[in-house]
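One structure is given below, encoded as structure tokens.
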Amino acid sequence: MKVVLFCGGLGMRLREYSDAIPKPMVPIGNRPVLWHVMKYYASFGHKDFILCLGHQAPAIKKYFVDYDETVSNDFVLQGGDLKLLGSDIHDWTITFVDTGVDTNIGGRLRKVRKYVENEEMFLANYADGLTDFQLPRLIDRVEDTDAALGFIAVKPPYSFHVVDTDQAGSVTAVRDLSRADLRINGGYFVMRPEVFDYMRKGEELVNEPFQRMIEAGKVAAELYDGFWMSMDTFKEKQRLDEMFSRDETPWQVWRKRHAGSVEEAPSS
């Protein structure tokens, strides 16, 4: 399936990095978060990517045009000749589409419609969240229904305190809203081209179009309680970096663990 990646936003909540580089290029370990998301999809056999570009689009283009396989693959250098012992993107197809700097996600999706409208289904992602969710589960869920759109519904990684007040603004209760009480959109989508029938110019994807599809019974969710984490803030970026440094990377589903060692898992 084709994979649409929304990677043109400003990343305002990650200003420490996104002022200098686009948010999808903020690194986790030795590769940008966008690479981790693409590698996830490739591990399930989905290697045809459509990048919806906007803010600092040239930086993303340049990264892949000048892609250095030696950063994340072993190699042999002998007599000035380099022989790679592995490869990341040699069999990927990447379509780069400038969808505008100020375009919202709904608008970005509409601007790449011609690349996916003849597909039976396609995948989409915000390109800033990582998970170890088994993607075929969501694909099967949508295939088994007549939904136009399906997504994973995850538990937020942090708890929240909800404040109850009366009309005068006096606090009547403060409740700990645990992760068991709340689910959010995890940003991993399966869509049918039918989704465009519910979209209008200028609308954000998860606002009016979502509501129309919900009212028509066209939205499916796959509940997931495993690892999921977005990289919206500097604190979240730090946490992911720390996990990477400890080799605790559950989102790297292309790898498998055996008795404390790490081996490359075959692509699905």
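The values are calculated or read from the model by the stated rules, or taken from the named source; none is laboratory data. The model shown is predicted, which means the values in this text are computed figures rather than measured ones. A quick note on method: Cβ atoms are made from the backbone with ideal geometry, for glycine too, and the neighbour counts reach across all protein chains shown. Each accessible area value is taken on the protein alone, full model and side chains, heavy atoms only, with ligands, DNA and RNA left out. Shrake-Rupley method; radii C 1.70, N 1.55, O 1.52, S 1.80 Å.
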Select from segment 127-152 the residues that are β-branched (Val, Ile, Thr) and open to solvent by less than 30 Å² (accessible area, probe 1.4 Å) and write down the one among them that is nearest to LEU34 (Cα to Cα).
THR131
Which one is surrounded by the most Cβ atoms within 10 Å (Cβ to Cβ) among residues in segment 86-122 that are touching a Leu at 6+ places or on another chain (Cβ under 8 Å) and within 13 Å of LEU51 (Cβ to Cβ)?
LEU109
Out of the residues in segment 206-248 that are out of contact with any strand residue (DSSP E or B) (no Cβ under 9 Å at 6 or more places or on another chain) and of a type in the set (A, V, I, L, M, F, W, C), state the one that is least open to solvent (accessible area, probe 1.4 Å).
ALA216
May I ask you to list the residues in segment 72-88 that are touching a helix residue (DSSP H, G or I) at 6+ places or on another chain (Cβ under 7 Å) and either of a type in the set (S, T, N, Q) or not in a strand (DSSP E or B) (or both)?
SER87, ASP88
So, in segment 112-130, of the ones that are among the hydrophobic types (A, V, I, L, M, F, W, C) and in contact with a Pro (Cβ under 7 Å, 6 or more places away or on another chain), which residue ends up farthest from ASP197 (Cα to Cα)?
ALA127
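So, in segment 55-71, exactly how many residues are in contact (Cβ under 8 Å) with a residue 40 or more places away in the chain and either open to solvent by 40 Å² or more (accessible area, probe 1.4 Å) or touching a helix residue (DSSP H, G or I) at 6+ places or on another chain (Cβ under 7 Å) (or both)?
Our first condition is that a residue be in contact (Cβ under 8 Å) with a residue 40 or more places away in the chain; within segment 55-71, this holds for 55, 57, 60, 71.
With either open to solvent by 40 Å² or more (accessible area, probe 1.4 Å) or touching a helix residue (DSSP H, G or I) at 6+ places or on another chain (Cβ under 7 Å) (or both) added as a condition, the list becomes 60, 71.
Number of matching residues: 2.
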Considering every residue within segment 155-172, establish whether at least one is open to solvent by less than 20 Å² (accessible area, probe 1.4 Å) and either among the β-branched types (Val, Ile, Thr) or at pLDDT below 95 (or both).
yes
